[in-house]
1. Mind checking which residues of the stretch 333-390 are hydroxyl-bearing (S, T, Y) and within 23 Å of V281 (Cα to Cα)?
2. Restricting attention to the stretch 338-354, and to residues there that are surrounded by fewer than 17 Cβ atoms within 10 Å (Cβ to Cβ) and touching a strand residue (DSSP E or B) at 6+ places or on another chain (Cβ under 8 Å), which single residue is farthest from F13 (Cα to Cα)?
3. Condition first: open to solvent by 20 Å² or more (accessible area, probe 1.4 Å) and more than 24 Å from S111 (Cα to Cα). Now tell me which residues in the stretch 259-271 satisfy that.
4. Within the stretch 205-227, is there a residue that is within 16 Å of the ligand (Cβ to nearest atom) and in contact with a Gly (Cβ under 6 Å, 6 or more places away or on another chain)?
5. Can you list residue pairs whose Cβ atoms sit under 7 Å apart, with the first residue in the stretch 204-221 being within 19 Å of E183 (Cβ to Cβ) and the second being part of a helix (DSSP H, G or I)? Count only pairs 6 or more apart in sequence or on different chains.
6. Determine, yes or no, whether V173 is among the β-branched types (V, I, T) and closer than 27 Å to L366 by Cα.
7. Within the stretch 356-390, how many residues are surrounded by 15 or more Cβ atoms within 10 Å (Cβ to Cβ) and over 27 Å from Y67 (Cα atoms)?
8. Where residues in the stretch 221-255 are among the polar types (S, T, N, Q) and surrounded by fewer than 22 Cβ atoms within 10 Å (Cβ to Cβ), which of them is farthest from K52 (Cα to Cα)?
Amino acid sequence: MKEISINVGEIQFGYAKRYFEEFIDARPKFYELIDKVQTPTLLIDLDGVKAKYIQARYHMPDVNIFYAVKANDHIDILRALSDLGAGFEVASSEELQKVMSLNVRPEKVISSNPVKPLDFIDYAYSVGVKRFAVDSFSEVDKIARVAPRARVYVRITVPNEGSEWPLSKKFGVDVDTALDILEYAKDRGLIPIGLTFHVGSQCNNLRNWFIAIKRSAQLWENAKRKGIKLLVLNMGGGIPVRYMQESLRIEDVAYYVKGLLRKYFPTPPYELQMEPGRGIVGDQGLMVVSVLGKAKRDDENWLYIDTGVFNGLAEALGGIRYPTYLKKEGELKEWVIGGVSCDSMDVIAKNVFLPEPEVGDRLFLLSTGAYTTVYGANFNGFPPPRVICL
Ligand SMILES: *Cc1c(COP(=O)(O)O)cnc(C)c1O
């Protein structure tokens, strides 16, 4: 037994080490900072973010990309993407204001959250954002009230199996209800333009795309028969990034999706859209944290760091595991990593293999670019990690 667990540790730590070294070697501008910045800090590689967007464009030239702002709304990230001509997917007035502060044209902004605050719809429409997702009759009513000529696209449910951050139960309707909603929107004076789905965030299961696109084609066809000609197929987010394992890459998803589109949409939709968030920023962030303390509790070795699940590592609660590296050699031990707060839920990971750290040592958490600092609260008086984009 012992031997097996040592091997697991070596594989795990070896993977984190290789990932860290590759990441740093490709980013000389990070060399000095990682040992000097105050902790906790999230470092974001803006060139890397841009490269991801360019890859997405390259592999899906016919798809308009709307970056999902919620993944990381740092203004430098938004600026870098807007400089490249990206569109943005926003859900709140604050996100929209940030995007508008960069002089992004409102036609480049969509809102795909199917249930939106009324004042946000009102504000968005007033600045020229015209495209909103819906998945209920009541949302159609809301939009018709404050955004009378808005274009709406309906969210359908698709399976989220194999996504590490499933979203399917909260939003979306079946294909038949979707058509009813589109017809209802038309009756209310809105312009039904298309449909959307989300295969689940961190989706490593290509089958979800298969079912999603097949179902989309079905709705597309049904709508046509009812005299509603749809124009926009929005394929949501879901492009994964590597965490403790390699993941599908943008090009893998792109080639698979393009194949599906050829089969199920022999006449291509007028506009194809995607809204990647994690896939653009997730693996372009490195979080530098410090070890605050160590303890042995029963058989477990505990290690406490200076941020936690309430300050930026919330996804750890849902099972996301960040590759974690410590610049040391030596025998590997198994650790539980606890967060900075006094809350007993504030545990970031178990079964983490690291050489023995000392208080004050730095840990490097890879793939922390998406859904980290944006989730961070000031719980217990600990602010989210500062963010440095370079
Ligand atoms: C969160 C979200 C996205 C982005 O999802 P990722 O998995 O990060 O790519 C896209 N569209 C909508 C509507 C979302 O809510």
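The values are calculated or read from the model by the stated rules, or taken from the named source; none is laboratory data. This structure is a prediction, so every number in the text was calculated from the model and none was measured. For neighbour counting, all protein chains shown are included, and Cβ atoms are generated from backbone atoms with ideal geometry for every residue, glycine included. Remember, those area values only see protein heavy atoms, side chains included, never the ligands or the DNA or RNA. Shrake-Rupley method; radii C 1.70, N 1.55, O 1.52, S 1.80 Å.
1. Within the stretch 333-390, the first condition is being hydroxyl-bearing (S, T, Y), and the residues that meet it are 341, 344, 367-368, 371-373, 375.
If the condition is that a residue be hydroxyl-bearing (S, T, Y) and within 23 Å of V281 (Cα to Cα), then S367, T368, Y371, T372, T373, Y375 are the ones that fit.
2. The first filter runs over the stretch 338-354 and keeps only residues surrounded by fewer than 17 Cβ atoms within 10 Å (Cβ to Cβ), leaving 342-345, 350-351.
Then keep just the ones that are touching a strand residue (DSSP E or B) at 6+ places or on another chain (Cβ under 8 Å); that gives 350-351.
Values: K350: 14, N351: 11 Å.
Among those residues, the one meeting the criterion is K350.
3. Hits for the stretch 259-271 are G259, R262, K263, Y264, P266, T267.
4. Within the stretch 205-227, one or more residues are within 16 Å of the ligand (Cβ to nearest atom) and in contact with a Gly (Cβ under 6 Å, 6 or more places away or on another chain).
5. Within 7 Å, the pairs are R215/V175; A217/Y264; Q218/V175; L219/V175; L219/A178; L219/L179.
6. Values: among the β-branched types (V, I, T): yes; closer than 27 Å to L366 by Cα: no.
Considered against the rule, which asks whether it is among the β-branched types (V, I, T) and closer than 27 Å to L366 by Cα, V173 comes out as no.
7. Counting residues in the stretch 356-390 that are surrounded by 15 or more Cβ atoms within 10 Å (Cβ to Cβ) and over 27 Å from Y67 (Cα atoms) gives 7.
8. In the first step, residues of the stretch 221-255 are kept if they are among the polar types (S, T, N, Q); the result is 222, 234, 245, 247.
Next, from what is left, pick out any that are surrounded by fewer than 22 Cβ atoms within 10 Å (Cβ to Cβ): 222, 245, 247.
Numbers: N222: 36, Q245: 19, S247: 15 Å.
Ranking the qualifying residues of the stretch 221-255, first place goes to N222.
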